[in-house]
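> What follows is a single structure, and I will ask about it in a moment.
Please treat every number below as a calculation from the coordinates, not as lab data. All values reported here derive from a predicted model rather than from experimental measurement. All Cβ positions, glycine included, derive from the backbone under ideal geometry; neighbour counts span all protein chains shown.
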Amino acid sequence: MSQIRKIRVVIIEDFEMTRTLLKIILRGDEFEVVGEAGDGLEGVQLCQQLQPDMVFIDVIMPKLNGLDALPEIRAILPHANIIMVTGNEDEDVVSKAMQLGANAYIVKPFNSASVLETMQVARQKFILRNPAMRGT
């Protein structure tokens, strides 16, 4: 029976309730939240330190907003899945996030189903792209 390693996740979000909700949604056998940050600057540093497989990042945050942090995180983690979390459905913001390297976005307020669906799609792409993630 093959085992698949958990996807290691970092959450970068200034609103603690949103971080907590994401952690609750991601509990289980497939994902492991390995770190969380309350601002973009701390988030970039955390990504450098922890080297996660997947990052959730808010757009509007103190110290360094998500759109400014995104290229830095992409440079640190070229193969990671980066999912923007935003309360803004503005097509320009979403388009810019995708141009800067985001793989997907989730609009707040979100529900468990939308987060898990986005995560499953991202997870499958990650595993297919990284054969080392598959068990023996």
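> Could you tell me how many of the residues in the range 48-97 are exposed (fewer than 15 other Cβ atoms within 10 Å of the Cβ) and farther than 21 Å from residue 18 by Cβ?
10
> Let me ask something additional. Any idea which residue in the range 25-47 is surrounded by the most Cβ atoms within 10 Å (Cβ to Cβ), counting only those that are among the aliphatic types (A, V, I, L, M) and over 19 Å from residue 106 (Cβ atoms)? Spell out how you get there, then give the answer.
Initially, the range 25-47 is screened for residues among the aliphatic types (A, V, I, L, M), giving 25-26, 33-34, 37, 41, 44, 46.
Remaining after also requiring over 19 Å from residue 106 (Cβ atoms): 34, 41, 44, 46.
On the way: 34: 18, 41: 17, 44: 24, 46: 20.
Of everything passing the filter in the range 25-47, 44 is surrounded by the most Cβ atoms within 10 Å (Cβ to Cβ).
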